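Undergrad: Supplied in structure tokens, the structure appears directly below.
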Amino acid sequence: MAAKLIQVENLKVTFKTQVGDIEAVRGVSFDIHQSENVAIVGESGSGKSVTALSLLKLHDERRVDYPAGRIIYNNQDLMIASETEMRDLRGKDISMIFQEPMTSLNPLYPVGVQIQETLKLHRNMDSQAARDVAIKLLDRVGIKDPKHKIDSFPHMLSGGQRQRVMIAMALACDPVLLIADEPTTALDVTVQQQILELLKDLQAETGMSVLLITHDLHLVRRFADRVCVMHRGQIVEQASSKELFRNPQNKYTRYLLDSEPETRIAEIKPTDKIVVEAESIRVYFAIRKGFFKRKVGEVRAVDQIDIVLRQGETLGIVGESGSGKTTLGMALLRMVESSGRIRFHDHEISTYPERQMRPLRRFFQIVFQDPFSSLSPRMTVEQIVAEGLKLHFPDLSKTQRRQRIVKTLAEVGLDEDALWRYPHEFSGGQRQRIAVARTVILEPEVILLDEPTSALDVSVQKQVLSLLSDLQVSHKLSYLFISHDLRVVRAMSHRVIVMRDGKVVESGSVEQVFDHPQQQYTRQLAQASLHNEWLITN
Amino acid sequence: MSAGSESGHLHISPGRRAWLRFKANRRGFISLWLFSILFISSLFAEVLFNDKPLLVNYQGELYFPFAKSYPETAFGGDFETEADYADPYVRELITAGDNWVIDPPIRYDFNAINFQSELPYPAPPSSQNLLGTDDRGRDVFARLVYGFRLSVLFAFALTAIGIVIGILTGAVQGYFSGRLDLVMQRIIEVWSSMPELYLLIIFASIFQPSIWLLIILLSLFGWMGLSDYVRAEFLRGRNLDYVRAARAMGQSNRAIMRHHLLPNSMTPVITFLPFRISGSIMALTSLDFLGLGVPPTTPSLGELLAQGKENIEAWWLSLGTFLVLVGTLMLLIFIGEALREALDTRKS
């Protein structure tokens with residue numbers, strides 16, 4: 001085995017807060033060898049990112065304490081290294097890429113300038129030389145036409161391209177260790193694959209080591225040589241990737257592997273009542289230019305889509321970001337203007353003006369992706385859940401209303417004392433439960449689930465999904481389930497439509513679409529997120 | 001998964017929690033007490049500072065000169081005009097024999113002139129005038145207290161009007177955006193380029209200057225700074241998921257603005273609140289200082305400062321006014337700070 005590159009021994013990290021110290025990392029030890037891919041996997045709050053940031057001592061000194069531990073790199077203990085010594089290391093020997101390529105690049109500078117900055121700083125190059133190297137780097141990370149792209153601003157690039165630029169910046173000084181903190185989480189599935197492949201290629205080419213931080217255990221299966229599973233600030237299991245997936249020792253690891261959503265949906269008969277029927281739905285946005293705002297073209301966000309949704313049925317809508325799936329959902333709920341026919345039972349709701357639509361609103365509810373922005377931070381849980389009740393059931397007395405709120409909260413798994421608290425006092429999963437309670441209390445018929453679990457940890461994901469399935473059965477709800485995560489869609493949906501650029505590429509029952517995809521695009525999508533893992537497990 | 005196992009403050013209402021947070025800020029809490037005592041007692045200035053007695057017992061009958069006007073003849077004097085209780089002759093009449101008088105603690109109001117002063121005006125502090133007199137012989141202490149009350153009331157009114165108009169216009173612009181926003185934004189730009197001080201000077205020469213005229217004129221311009229911020233908050237907020245959720249629920253525009261967007265757009269309002277109040281006090285003071293504000297009979301801090309400038313050797317004029325101004329502004333800012341912290345629900 002190759003020599004040890006970096007050794008972490010009994011690392012402890014505590015955060016100093018007003019209410020006392022919080023132990024984020026509680027005695028973590030691991031090594032990274034030369035040319036090795038190590039992955040740290042854990043859910044949010046497990047301390048994985050804190051550990052990674054500690055390697056470069058990137059924490060705010062005033063808020064963080066290191067009560068114990070050593071980090072040995074190059075016969076030097078980084079724990080006692082001075083800030084100047086650390087600065088020499090950062091970006092040169094050890095570099096880092098972050099989750100959000102949108103915010104890690106400065107929007108005011110062309111990407112080339114940002115790459116050149118590192119080169120000038122650590123390799124003392126002049127501008128021309130730095131530019132040449134930057135072009136080579138962009139080429140190496142797979143950006144097409146790098147001579148041209150080097151002068152682009154970050155907003156002109158796609159998410160995947162931006163992440164490639166970040167990687168190029170990280171590689172600028174030939175680091176021996178690259179720390180990648182959730183490098184693919186913000187990206188589409190197919191792009192995720194490409195980025196991981198790129199990292200793996202670069203690793204083989206340069207012989208550097210990679211420390212990958214992620215919450216997605218399945219992502220690392222093909223990537224990492226060794227996996228550390230972190231839980232509550234400790235490494236609960238550390239093994240080679242093959243060993244870990246074949247024979248997980250720790251209970252928590254098994255739990256994580258196991259928290260894959262499982263299929264548990266009720267049968268739907270073709271005779272079941274049709275709740276929503278839509279024909280040739282179109283949402284076009286005009287592109288206007290010039291002083292007089294002349295229409296010069298249009299974006300076809302949703303282009304001629306037909307939909308039938310039966311009672312108790314889940315229709316999965318999948319596609320990559322920008323494919324128009326959320327717009328379609330919003331159009332069906334009359335939240336954005338569209339043309340085409342939409343029927344809800346006997347109501348031709350596509351022709352209804354907003355005033356006529358309002359009393360029907362309670363039958364259509366939405367659960368959003370981000371449980372942090374979907375709850376008003378200045379309202380208590382009771383106010384949030386009661387709002388719709390007051391509006392659509394104004395006859396309820398105060399006590400009746402309270403009773404119904406408590407009952408619904410219990411149904412989604414929350415205690416009565418949640419009533420007086422504010423959203424920020426809850427975890428992501430709990431907030432999503434509040435958001436579900438807010439919709440279910442109105443006794444709706446259709447709920448639009450817009451990536452309801454994408455912002456949640458895998459284990460919490462599973463809980464929320466099973467809550468949604470239970471509610472579907474007990475309330476005979478119909479779901480429009482929007483997701484880019486095909487595993488989740490597969491577990492939840494009866495039928496599925498695949499969207500691309502506003503059009504339906506393929507549709508049919510879940511088995512049909514995922515197991516025997518007819519279209520190249522569907523096959524690609526399925527391959528990126530489903531089949532690889534299954535091929536390996538089976 | 002169970003909620004709330006770790007939290008201890010369960011059955012406390014949101015309002016009560018805000019009050020607890022306010023109390024936790026010692027400086028703001030003490031400031032609030034001090035300010036309340038000062039302000040409330042200044043509301044009773046007529047009882048504490050008056051040249052007219054509170055109660056007169058004249059020949060077995062009770063009179064309330066501070067509330068009601070009596071002619072001198074009522075007390076056996078010579079004139080039909082209102083009795084001047086500071087006049088030694090009248091004083092003698094109402095204290096002779098069984099008659100008695102209850103006087104306010106300070107026997108001057110803001111306009112009463114001390115004719116008994118032994119020194120020329122402005123007279124330095126003495127046992128008669130605790131903080132001296134101004135250049136017309138009026139008691140500085142009384143003028144400061146009345147001036148403080150007027151300034152604070154003026155500032156509250158101006159701030160309240162500015163906030164209401166600012167929030168309304170900002171909310172409408174931000175929420176409906178589009179063309180309406182564009183038009184209103186242009187109007188605001190035109191309106192804000194009007195020379196405020198110049199208008200004030202013109203109006204001061206057309207109309208009889210009064211406190212109401214000042215409130216109206218300053219309100220016409222005071223709302224614009226705030227409406228920009230509220231507009232930005234509404235613009236940002238209208239696309240957030242919880243607003244979309246409320247729309248999906250079938251809430252009306254008005255309810256969404258009122259219950260969802262407004263509470264979350266209060267940050268600029270609350271942040272600027274202490275500064276707006278103190279800014280209003282300063283506006284009134286500087287206008288009075290320049291002689292563009294209230295008429296000279298009105299008790300005003302700015303007018304006292306101007307007198308202090310004219311009579312630089314009369315240190316009691318400038319020093320007293322200065323201390324009252326600084327104290328008021330400081331207390332208001334401390335209270336505002338504590339209020340801002342108290343209304344932040346994200347703080348525990």
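Undergrad: Check the straight Cα-Cα distances from residue A:293 and name the lysines below 16 Å, setting aside those fewer than 8 residues away within the same chain.
TA: Of all the lysines, none pass the test against residue A:293 - Cα under 16 Å, at least 8 places apart if same chain.
Undergrad: Here's a follow-up. For the stretch A:334-405, what is the charge dipole size about the Cα centre, in debye to the nearest 20, if Lys and Arg each add +1 at the Cβ and Asp and Glu each add -1 at the Cβ?
TA: 260 debye
Undergrad: Which aspartates and glutamates does residue A:57 reach when only Cα atoms under 13 Å apart count, and residues fewer than 8 places away in its own chain are ignored?
TA: Cross-link targets: A:65, A:77, A:83, A:85, A:88.
Undergrad: Hey, another quick one. What number, rounded to the nearest 500 deg cm²/dmol, is the helix-based mean residue ellipticity at 222 nm of the protein assembly as shown, given -39500 (n - 2.57) per DSSP H run of at least four residues and division by all its residues?
TA: Computed mean residue ellipticity for the protein assembly as shown: -13500 deg cm²/dmol.
Undergrad: Suppose we compare each residue of the stretch A:325-364 in its chain alone and in the full protein complex with a 1.4 Å probe; which ones drop by at least 50 Å² of accessible area?
TA: Buried on complex formation: A:335, A:358.
Undergrad: Let me ask something additional. Once B and A are treated as a pair rather than alone, how much accessible area drops out, both sides summed, in Å² to 100, probe 1.4 Å? Walk me through the numbers before you get to the answer.
TA: On the way: alone 19320 and 25760 Å², together 41770 Å².
Buried area between the two chains comes out at roughly 3300 Å².
Undergrad: With every protein chain in place, what's the accessible area of residue B:236 (1.4 Å probe, Å², nearest 10)?
TA: 140 Å²
Undergrad: How high is the FRET efficiency from residue A:58 to residue B:330, r the C-beta distance, R0 45 Å, rounded to 0.05? Present the calculation step by step, with values, prior to reporting the outcome.
TA: Working: r = 41 Å, r/R0 = 0.90.
Between residue A:58 and residue B:330 the formula returns 0.65.
Undergrad: Using 1/(1 + (r/R0)^6) with R0 = 45 angstrom and r between the beta carbons of residue A:345 and residue A:4, what's the FRET efficiency to the nearest 0.05? Working shown, then result.
TA: On the way: r = 68 Å, r/R0 = 1.51.
Plugging the Cβ-Cβ distance into 1/(1 + (r/R0)^6) gives 0.10.
Undergrad: Further, regarding this structure: Compute the relative contact order of chain A as a whole-number percentage, counting only Cα pairs closer than 8 Å that sit 6 or more residues apart in sequence.
TA: 14 percent
Undergrad: Evaluate the distance, in nm, between pseudo-label points positioned 7 Å from the Cα of residue A:396 and of residue A:80 along their respective Cα→Cβ axes.
TA: 6.4 nm
Undergrad: If DNA, RNA and ligands are ignored and the probe is 1.4 Å, what is the ranking of B:47, A:50, A:473 by accessible area, most exposed first? The partial results should precede the final answer.
TA: Numbers: B:47 55, A:50 25, A:473 95 Å².
Greatest to least solvent exposure: A:473, B:47, A:50.
Undergrad: Sticking with this structure for a sec: Tell me the accessible surface of residue A:515 in square angstrom (1.4 angstrom probe, heavy atoms of protein chains only), to the nearest ten.
TA: 70 Å²
Undergrad: Still on this structure: Could you give the dipole magnitude of the stretch A:455-511 about its Cα centre, charging the beta-carbon of Lys and Arg +1 and that of Asp and Glu -1, in debye to the nearest 20? Mind showing how you got there, number by number?
TA: Numbers: 7 positive and 6 negative charges, 21 e Å.
Computed charge dipole of the stretch A:455-511: roughly 100 debye.
Undergrad: Here's something else I'd like to know. Ignoring any ligand, DNA or RNA, what whole percent of the accessible area of the stretch A:446-527 comes from carbon and sulfur when the probe is 1.4 angstrom? All intermediate terms of the calculation are to be shown ahead of the outcome.
TA: Values: 1260 of 2920 Å².
Using a 1.4 Å probe with all protein chains present, the stretch A:446-527 comes out at 43 percent carbon and sulfur.
Undergrad: Now for a separate question. Got a sec to turn the phi values of the stretch A:463-475 into Karplus ³J(HN,Hα) couplings, 6.51 cos²θ - 1.76 cosθ + 1.60 with θ = phi - 60°, whole Hz, x for Gly and Pro?
TA: 4, 5, 5, 6, 4, 4, 5, 4, 5, 4, 5, 6, 10
Undergrad: For residue A:87, project a label point 7 Å along Cα to C-beta. Then give me every residue of the stretch A:100-119 with its amide nitrogen under 17 Å of that point.
TA: Of the residues in the stretch A:100-119, A:117-119 have backbone N under 17 Å from the label point off residue A:87.
Undergrad: I'd like to know which of B:220, B:269, B:159 lies farthest towards the positive end of the charge dipole of the stretch B:156-309, counting +1 on Cβ of Lys and Arg and -1 on Cβ of Asp and Glu.
TA: Highest projection toward the positive end goes to B:269.
Undergrad: If you don't mind, another one. Once you have a ≥ b ≥ c as the square roots of the Cα gyration tensor eigenvalues for chain B, tell me rounded if a/c is under 1.5, and otherwise prolate or oblate according to whether a/b is larger than b/c.
TA: prolate
Undergrad: DSSP beta bridges in the stretch A:1-134, what fraction antiparallel, as a percent rounded to 5? Walk me through the numbers before you get to the answer.
TA: On the way: 20 of 21 bridges.
Beta bridges within the stretch A:1-134, antiparallel portion: roughly 95 percent.
Undergrad: Follow-up. Between residue A:153 and residue A:121, how many nm apart are label points set 7 Å from Cα along the C-beta direction?
TA: The modelled label-to-label distance comes out at 2.2 nm.
Undergrad: List, in order, the whole-Hz ³J(HN,Hα) value for each residue of the stretch A:412-426 obtained from phi through the Karplus relation with A = 6.51, B = -1.76, C = 1.60 and θ = phi - 60°; use x for Gly and Pro.
TA: 8, x, 10, 6, 5, 6, 5, 3, 8, 9, 9, x, 5, 8, 10
Undergrad: Still on this structure, I have one more. Does the protein assembly as shown classify as rounded, prolate or oblate by the C-alpha gyration tensor (a ≥ b ≥ c root eigenvalues; a/c under 1.5 gives rounded; else a/b over b/c gives prolate, otherwise oblate)?
TA: It comes out prolate by the Cα gyration axes.
Undergrad: Calculate one ³J(HN,Hα) per residue across the stretch A:213-221 by plugging θ = phi - 60° into the Karplus curve 6.51 cos²θ - 1.76 cosθ + 1.60, and present them in order as whole Hz with x for glycine and proline.
TA: After applying 6.51 cos²θ - 1.76 cosθ + 1.60, I find 9, 7, 9, 9, 4, 6, 5, 8, 3 Hz.
Undergrad: On to the next question. For residue A:506, what accessible surface area do you get with a 1.4 Å probe? Give it in Å², rounded to 10.
TA: 20 Å²
Undergrad: Another question, then. Once you charge only the Cβ atoms, +1 for Lys and Arg and -1 for Asp and Glu, what is the size of the charge dipole of the protein assembly as shown about its Cα centre, to the nearest 20 debye?
TA: 2760 debye
Undergrad: Amide H to amide H under 5 Å from residue A:180: which residues, 5+ apart in sequence or cross-chain, H placed 1.01 Å off N in plane?
TA: Under 5 Å from the amide H of residue A:180 lie the amide H atoms of A:97, A:211, A:212, A:213, each far enough along the sequence or on another chain.
Undergrad: Using amide H atoms built in the peptide plane, which far-off residues or other-chain residues are under 5 Å from residue A:499 H to H?
TA: A:318, A:319, A:505
Undergrad: Relative contact order for the stretch A:15-79 using alpha-carbon pairs under 8 Å, separation at least 6, rounded to a whole percent?
TA: The normalised contact order for the stretch A:15-79 reaches 32 percent.
Undergrad: Hey, another quick one. Within straight cross-link reach of residue A:200, meaning Cα distance under 24 Å, which lysines are found once same-chain residues fewer than 8 apart are removed?
TA: Within the straight-line limit of under 24 Å, residue A:200 reaches these lysines: A:4, A:48, A:92, A:136, A:144, A:149, A:242.
Undergrad: Still on this structure, please answer the following. Where does each of A:282, A:226, A:246 land when they are ordered by accessible area, with a 1.4 Å probe and the largest first?
TA: Details: A:282 75, A:226 40, A:246 170 Å².
So the residues, ranked largest to smallest area, are A:246, A:282, A:226.
Undergrad: When Lys and Arg each count +1 and Asp and Glu each count -1, what net charge do the other residues less than 13 Å away from residue B:241, Cβ to Cβ, add up to? Working shown, then result.
TA: Values: positive: A:431, A:438, B:236, B:238, B:244, B:247; negative: A:370, A:450, A:451.
Within the 13 Å Cβ shell, the charges total +3.
Undergrad: Stretched out fully, how many nm does the piece from residue A:296 to residue A:470 gain, at 0.36 nm a residue minus the Cα gap?
TA: Answer, rounded to one decimal: 57.8 nm.
Undergrad: Relative contact order of chain B, please, whole-number percent, based on alpha carbon pairs below 8 angstrom and at least 6 residues apart.
TA: Value for chain B: 21 percent.
Undergrad: So which trypsin sites (Lys or Arg not before Pro) in the stretch A:23-81 are both in a DSSP loop and have at most 10 other Cβ atoms within 10 Å of their Cβ?
TA: A:62, A:63
Undergrad: Spin-label point model (7 Å from Cα, Cβ direction): what's the residue B:271 to residue A:72 distance in nm?
TA: In this crude label model, residue B:271 to residue A:72 measures out at 5.0 nm.
Undergrad: Please give me the summed charge of the neighbours of residue B:140: other residues whose Cβ is under 13 Å from its Cβ, Lys and Arg +1, Asp and Glu -1.
TA: Combined, the nearby Lys, Arg, Asp and Glu give -2.
Undergrad: If you take the charge dipole of the protein assembly as shown about its Cα centre, with +1 on Lys and Arg Cβ and -1 on Asp and Glu Cβ, which of A:240, B:329, A:91 is farthest toward its positive end?
TA: Of the options given, the answer is A:240.
Undergrad: Between residue A:512 and residue A:273, what length in nm is gained on full extension when 0.36 nm per residue of separation is reduced by their alpha carbon distance?
TA: Gain in length upon complete extension: 83.7 nm.
Undergrad: A follow-up question, please. Using modelled backbone amide H atoms (1.01 Å from N, in-plane), which distant-in-sequence or interchain residues come within less than 5 Å of residue A:25's amide H?
TA: A:13
Undergrad: Within chain B, which is the longest segment that contains none of the chymotrypsin sites (Phe, Trp or Tyr not before Pro) sitting in a DSSP loop with at most 14 other Cβ atoms within 10 Å?
TA: Longest run free of exposed loop sites: B:208-348.
Undergrad: Additional query: Could you compute the longest span of chain A free of chymotrypsin sites (Phe, Trp or Tyr not before Pro) located in DSSP loops and having at most 10 other Cβ atoms within 10 Å, not counting the site residues?
TA: Excluding the exposed sites themselves, the longest stretch runs over A:1-290.
The values are calculated or read from the model by the stated rules, or taken from the named source; none is laboratory data. Since this is a predicted model, take the numbers as computed values, not measurements. All Cβ positions, even for glycine, are placed from backbone atoms using ideal geometry, and neighbour counts span all protein chains on display. For the accessible areas, the whole protein counts, side chains as well, though only heavy atoms, and no ligand, DNA or RNA atoms are used. Shrake-Rupley method; radii C 1.70, N 1.55, O 1.52, S 1.80 Å.
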